[in-house]
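The values are calculated or read from the model by the stated rules, or taken from the named source; none is laboratory data. From a predicted model like this one, the values you see are computed outputs, not experimental measurements. Backbone-built Cβ (ideal geometry, glycine too); neighbour counts: all protein chains shown. Protein only, heavy atoms only, side chains kept; ligands, DNA and RNA dropped before computing areas. Shrake-Rupley method; radii C 1.70, N 1.55, O 1.52, S 1.80 Å.
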Amino acid sequence: MTLATDFDPMKGKMLQILDKTGKVINKKLEPKLSKQDLLKIYKLMALARRADDKRLKMQRTGRMGTFAESKGQEAAQVPVVMQLTKKDWLVPSFRELPAQITFGLPIENDYLYYMGNEKGMQQIPKDLNMAPISVPVGTQTLHAVGIAWAEKLKKTKNVTVCYFGDGGTSEGDFHEAMNFAGVFKTPVVFICQNNQYAISVPREKQTASKTIAQKAIGYGMEGIQVDGNDPLAMYVAGKYAIEKARKGGGSTLIEAYTYRLANHTTADDATKYRTEKEVKEWEKKDPILRWTTYLKAKKAITDKFIKETDEWVEQEVARATKAAEETPKISIDDIFDYTYETTPQYLEEQKQEVKKYYPE
Amino acid sequence: MTLQSDLMTKMNMAEALNLALKQEMQRDKTVLVLGEDVGVDGGVFRITDGLLEKFGENRVIDTPLAESGIVGTSIGLSMNGFKPVAEIQFSGFSYLGFDQLAEHASRMRNRSKGRFSCPMVVRMPYGGGVRALEHHSESYETIYAHPPGFKVVIPSRPYDAKGLLISAIRDPDPVIFMEPKRVYRMIKEEVPEEEYTIPLGQANVVQEGSDVTLITYGSMLHTCLPAMEQLSNVSIELIDLRTVKPLDSATVIESVKKTGRCVIVHEAPRTCGIAAELIARINEKAFFNLNAPVERVTGYDTIIPLMQREQEYLPQPAKIVDAINRTMQY
Ligand SMILES: Cc1ncc(C[n+]2csc(CCOP(=O)(O)OP(=O)(O)O)c2C)c(N)n1
């Protein structure tokens, strides 16, 4: 018996340790996290939430372009990614600010990207194995398999965590990725953030299968549906899948059942396809709320800590904002010089043409 | 084309396209609209707004998020009696369906010696200038103009958009219909309420002139117009191609023969762009009428930069003015 067989998606089971009020409902599975880890989850979720709020403020005042909000999906990311080492890989889609922050990407990199400055993704720190944000839905799942495959060929124990949405599971690339991962037993942890909608299209219209987790079965892989707003459940599921992958056991599909507490992007109006009632229900399941309640009941958090974290978060977000806003645009050379390793003559000529119009 | 009534309404391109879809769906029960978010949401650019309410979910279909699925099933639907108008949310995501388009849609007629054809339309917003995310701004019409079998339409203004979309839907072959998203809500003009068609493959001589032929299409028309205002001393013949495949060579050649000079403007990358094909044709048919080398003002052979730098990439009036002035020196 494994965690995935205990919570067989075909039997309608979902892994949950904390209920929506933050009460432990599965004592047996409650992980023995150090106080430091418990608080780390709190800090990172709080930071991600504030960093996301700040993006919205900047977008609304014309200081940032369109971006995909991550509000509400922090628990589906932080508790899993915090278990990775620097040698592991993170392959995100575009709603993974919390995962990026947890993995160690400076917030300003994300800000720059959505401010329309390539440097954000071009300057991912060299010691961070993170693929750039991937906008074409579902396509990055194949890269994750390739990256993990390379690690396997190199005989390391490094794992690759790949994020995508419920909509992403409709793309052919997703199915090819799952199939390759099954066939080559690559160490990938596939995490589908089922936030119930792909823009306006509800999950039921995306796939006729009852759960997304059960799709794994067809590829000879384990799948498990997890309450994605429950940090403990996500921690446990992530731990299971990561350890399995490290030990050569291949891939796992984790369906994080969650909700975006925001519009799809800043260009979207979710009131066109979601009811206020539904949103209100999910607001009650806010992962940060749930986590705070849990920590308080455990007496693992103090009001003083909450206040200090709040101040730290504020400073960190302000620092990142300043760093992003003070970063100069890319140069004209930058537009051209990353097309190839060596810029061919015809591109050199085109570059000179631009420079004539935009002297630097 | 003559119009039976002169009922006109001022509308933008998004509204004109919406009206065309509505009228064609009303006229022909086999016309279906399918794609991501086209139903309840009315499309991310609201081009299909209100269609679901009017025609129901058997004809206005929110599909799963899968471009190959959308295009591939459209092929089957079109082989079996329907006329799908598929929406790809942004042209930058159409490549996930490119396999189905290039392997099948474009060659079904040929492969089955006419037994099957694919009378389908694939609509997709393209182009830059709207401060969009990565992959949301490119202009790769060449990849659809290249494989034999497609028609590729790119309107520049509301009036043309409506007439061309109706023609595309009625066309017996697959049509790639690329919509300049920058223009969706940029201008309003008088558009007839009633249905009308604009033949595919026919360019529009927007303004007659005798010194130089300025050729463009899609959103770049609106970059050429301000350039022309700065050149009141030059008599410019402005041609809006409207369809980039088949190209209206006759109109182009006739004009170049008259003016002896030509400047071509597109925002797509330069290499193998539509300008390259036009220059080849001019070379073949009007070489001895040329007074000056043909100039092209285009996007560059790089990825279009994100919004902080995209204006530097896109053709600007100043570059067009300079190109015209250079040809006038001969
Ligand atoms: C291949 C592709 N098609 C369409 C889009 C436009 N688009 C961006 S996000 C999105 C919905 C994605 O839904 P889901 O995978 O559930 O992720 P979520 O946005 O809910 O996080 C769509 C259709 C895209 N980015 N890529």
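Specify which of the listed residues (B:LEU225, B:LEU200) is at pLDDT 95 or above, on the phi < 0 side of the Ramachandran plot and in contact with a Lys or Arg (Cβ under 7 Å, 6 or more places away or on another chain). Before you say what the answer is, go through the steps one by one.
On the way: B:LEU225 fails: in contact with a Lys or Arg (Cβ under 7 Å, 6 or more places away or on another chain).
Testing whether each residue is at pLDDT 95 or above, on the phi < 0 side of the Ramachandran plot and in contact with a Lys or Arg (Cβ under 7 Å, 6 or more places away or on another chain) leaves just B:LEU200.
Confirm whether A:MET58 is over 13 Å from the mean Cα position of the chain (by Cα) and crowded, with 24+ Cβ neighbours inside 10 Å. Give the steps one after another, and end with the answer.
Values: over 13 Å from the mean Cα position of the chain (by Cα): yes; crowded, with 24+ Cβ neighbours inside 10 Å: no.
Spelling it out, it is not the case that A:MET58 is over 13 Å from the mean Cα position of the chain (by Cα) and crowded, with 24+ Cβ neighbours inside 10 Å.
Filter region A:79-99 for residues that are more than 14 Å from the ligand (Cβ to nearest atom) and either under 17 Å from A:ILE133 (Cα atoms) or not assigned by TED's automatic domain parsing to the domain that holds A:GLY238 (or both) and give the result. Talk me through it step by step, then tell me what you get.
Initially, region A:79-99 is screened for residues more than 14 Å from the ligand (Cβ to nearest atom), giving A:79-91.
Across region A:79-99, the qualifying residues are A:VAL81, A:ASP88, A:TRP89, A:LEU90, A:VAL91.
Restrict the check to region B:152-162 and report whether at least one residue is touching a residue at least 60 places away in the same chain (Cβ under 8 Å) and part of a strand (DSSP E or B). Outline the logic, then answer.
Our first condition is that a residue be touching a residue at least 60 places away in the same chain (Cβ under 8 Å); within region B:152-162, this holds for B:152-162.
Those still in the list that are part of a strand (DSSP E or B) too: B:152-153.
Looking through region B:152-162, at least one residue is touching a residue at least 60 places away in the same chain (Cβ under 8 Å) and part of a strand (DSSP E or B).
Quick check, is A:THR252 open to solvent by 20 Å² or more (accessible area, probe 1.4 Å) and more than 11 Å from the ligand (Cβ to nearest atom)? So that I can check it myself, show each step before the final result.
Values: open to solvent by 20 Å² or more (accessible area, probe 1.4 Å): no; more than 11 Å from the ligand (Cβ to nearest atom): yes.
Criteria not met by A:THR252.
So which residues in region B:79-138 are open to solvent by 40 Å² or more (accessible area, probe 1.4 Å), within 14 Å of chain A (Cβ to nearest Cβ) and away from the ligand (no atom under 16 Å from the Cβ)?
Of everything in region B:79-138, those that are open to solvent by 40 Å² or more (accessible area, probe 1.4 Å), within 14 Å of chain A (Cβ to nearest Cβ) and away from the ligand (no atom under 16 Å from the Cβ) turn out to be B:GLU103, B:ARG131.
Do we have A:LYS304 as part of a loop (DSSP other than H, G, I, E, B), over 20 Å from A:MET82 (Cα atoms) and open to solvent by 50 Å² or more (accessible area, probe 1.4 Å) here?
On the way: part of a loop (DSSP other than H, G, I, E, B): no; over 20 Å from A:MET82 (Cα atoms): yes; open to solvent by 50 Å² or more (accessible area, probe 1.4 Å): yes.
Spelling it out, it is not the case that A:LYS304 is part of a loop (DSSP other than H, G, I, E, B), over 20 Å from A:MET82 (Cα atoms) and open to solvent by 50 Å² or more (accessible area, probe 1.4 Å).
Take the residues in region A:154-191 that are among the hydroxyl-bearing types (Ser, Thr, Tyr) and either over 26 Å from A:MET14 (Cα atoms) or more than 10 Å from the ligand (Cβ to nearest atom) (or both); name whichever of them is farthest from the other protein chains (Cβ to nearest Cβ). Steps first, please.
Taking region A:154-191 as the starting set, the residues that turn out to be among the hydroxyl-bearing types (Ser, Thr, Tyr) are A:156, A:160, A:163, A:169-170, A:186.
Going one step further and asking which of them are either over 26 Å from A:MET14 (Cα atoms) or more than 10 Å from the ligand (Cβ to nearest atom) (or both), we end up with A:156, A:160, A:186.
Working: A:THR156: 30, A:THR160: 22, A:THR186: 22 Å.
Filtering region A:154-191 for residues that are among the hydroxyl-bearing types (Ser, Thr, Tyr) and either over 26 Å from A:MET14 (Cα atoms) or more than 10 Å from the ligand (Cβ to nearest atom) (or both), the one farthest from the other protein chains (Cβ to nearest Cβ) comes out as A:THR156.
Could you give me the residue pairs with C-beta distances under 6 Å whose first residue belongs to region A:192-217 and is more than 17 Å from B:GLY42 (Cα to Cα) and near the ligand (Cβ under 10 Å from one of its atoms), whose second residue is of a type in the set (Lys, Arg) and assigned to a helix (DSSP H, G or I) wherever it lies, and which are 6+ apart or on separate chains?
Pairs found: A:GLN196/A:ARG203.
Conditions tested, residue by residue: (1) of a type in the set (Ser, Thr, Tyr); (2) within 9 Å of chain B (Cβ to nearest Cβ); (3) under 37 Å from the mean Cα position of the chain (by Cα).
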position	(1), (2), (3)
A:ALA320	no, no, yes
A:LYS329	no, yes, yes
A:ILE335	no, yes, yes
A:TYR338	yes, yes, yes
A:GLU349	no, no, no
A:TYR357	yes, yes, no
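What residue, among those in region A:134-145 that are of a type in the set (Gly, Ala, Ser) and part of a loop (DSSP other than H, G, I, E, B), is farthest from the other protein chains (Cβ to nearest Cβ)? First the steps, then the outcome.
Keep residues of region A:134-145 that are of a type in the set (Gly, Ala, Ser), which gives A:134, A:138, A:144.
This time we only want the ones that are part of a loop (DSSP other than H, G, I, E, B), so: A:134, A:138.
On the way: A:SER134: 9, A:GLY138: 7 Å.
Once the filter is applied, the top-ranked residue is A:SER134.
Of A:GLY72, A:GLY116, which residue is within 16 Å of the ligand (Cβ to nearest atom) and crowded, with 20+ Cβ neighbours inside 10 Å?
Details: A:GLY116 fails: within 16 Å of the ligand (Cβ to nearest atom).
Selected residue: A:GLY72, the only one of A:GLY72, A:GLY116 that is within 16 Å of the ligand (Cβ to nearest atom) and crowded, with 20+ Cβ neighbours inside 10 Å.
Only one residue in B:ALA292, B:ALA286, B:ALA323 is touching a residue at least 60 places away in the same chain (Cβ under 8 Å) and either within 30 Å of A:GLY120 (Cβ to Cβ) or more than 22 Å from the chain's Cα centre (by Cα) (or both). Which one?
On the way: B:ALA292 fails: touching a residue at least 60 places away in the same chain (Cβ under 8 Å); B:ALA286 fails: touching a residue at least 60 places away in the same chain (Cβ under 8 Å).
Among B:ALA292, B:ALA286, B:ALA323, only B:ALA323 is touching a residue at least 60 places away in the same chain (Cβ under 8 Å) and either within 30 Å of A:GLY120 (Cβ to Cβ) or more than 22 Å from the chain's Cα centre (by Cα) (or both).
Enumerate the helices (runs of 4 or more DSSP H) found wholly within region A:59-133, keeping only those where 2 or more residues are within 14 Å of chain B (Cβ to nearest Cβ).
Values: elements: A:78-81, A:97-103, A:107-114, A:119-122.
In region A:59-133, the matching helices (runs of 4 or more DSSP H) lie at A:107-114, A:119-122.
The rows are residues; the columns are (1) assigned to a loop (DSSP other than H, G, I, E, B); (2) surrounded by fewer than 24 Cβ atoms within 10 Å (Cβ to Cβ).
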residue	(1), (2)
B:LEU214	no, no
B:MET228	no, yes
B:LEU231	yes, yes
B:LEU247	yes, yes
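Is it true that some residue in region A:220-243 is farther than 26 Å from A:LEU18 by Cβ and either part of a loop (DSSP other than H, G, I, E, B) or more than 15 Å from the ligand (Cβ to nearest atom) (or both)?
So in region A:220-243, the residues farther than 26 Å from A:LEU18 by Cβ come out as A:220-221.
Pick out the ones that are also either part of a loop (DSSP other than H, G, I, E, B) or more than 15 Å from the ligand (Cβ to nearest atom) (or both) and you get A:220-221.
Among the residues of region A:220-243, at least one is farther than 26 Å from A:LEU18 by Cβ and either part of a loop (DSSP other than H, G, I, E, B) or more than 15 Å from the ligand (Cβ to nearest atom) (or both), which makes the answer yes.
Just need a number here: residues in region A:151-173 that are closer than 27 Å to B:GLY92 by Cβ and either not in a loop (DSSP other than H, G, I, E, B) or not acidic (Asp, Glu) (or both). Talk me through it step by step, then tell me what you get.
Restricting attention to region A:151-173, the residues satisfying the condition of being closer than 27 Å to B:GLY92 by Cβ are A:160-173.
Now narrow it down to the ones that are either not in a loop (DSSP other than H, G, I, E, B) or not acidic (Asp, Glu) (or both): A:160-165, A:167-170, A:172-173.
Qualifying residue count for the region: 12.
Can you name the number of the only condition in (1) under 22 Å from B:THR30 (Cα atoms); (2) surrounded by 24 or more Cβ atoms within 10 Å (Cβ to Cβ) that B:LEU65 fails?
(1)
Does A:ALA181 qualify as being more than 18 Å from A:ALA99 (Cβ to Cβ) and surrounded by 24 or more Cβ atoms within 10 Å (Cβ to Cβ)? I'd like the intermediate steps shown before the answer.
On the way: more than 18 Å from A:ALA99 (Cβ to Cβ): yes; surrounded by 24 or more Cβ atoms within 10 Å (Cβ to Cβ): yes.
In short, yes.
Select from region B:68-78 the residues that are more than 13 Å from the ligand (Cβ to nearest atom) and open to solvent by less than 30 Å² (accessible area, probe 1.4 Å) and write down the one among them that is farthest from the other protein chains (Cβ to nearest Cβ).
Going residue by residue through region B:68-78, those that are more than 13 Å from the ligand (Cβ to nearest atom) are B:72-78.
Next, from what is left, pick out any that are open to solvent by less than 30 Å² (accessible area, probe 1.4 Å): B:72, B:74-75, B:78.
Values: B:GLY72: 9, B:SER74: 15, B:ILE75: 15, B:SER78: 20 Å.
Of everything passing the filter in region B:68-78, B:SER78 is farthest from the other protein chains (Cβ to nearest Cβ).
Going by the structure shown, is A:GLU151 in contact (Cβ under 8 Å) with a residue 12 or more places away in the chain and away from the ligand (no atom under 16 Å from the Cβ)?
Working: in contact (Cβ under 8 Å) with a residue 12 or more places away in the chain: yes; away from the ligand (no atom under 16 Å from the Cβ): yes.
Yes: the conditions hold for A:GLU151.
So which of A:ALA300, A:ALA270, A:ALA323 ends up being modelled with pLDDT of 95 or more, in contact with a Lys or Arg (Cβ under 6 Å, 6 or more places away or on another chain) and in the same structural domain as A:LEU18 (by TED's automatic domain parsing)?
Details: A:ALA270 fails: in contact with a Lys or Arg (Cβ under 6 Å, 6 or more places away or on another chain); A:ALA323 fails: in contact with a Lys or Arg (Cβ under 6 Å, 6 or more places away or on another chain).
None of the others qualify; the one that does is A:ALA300.
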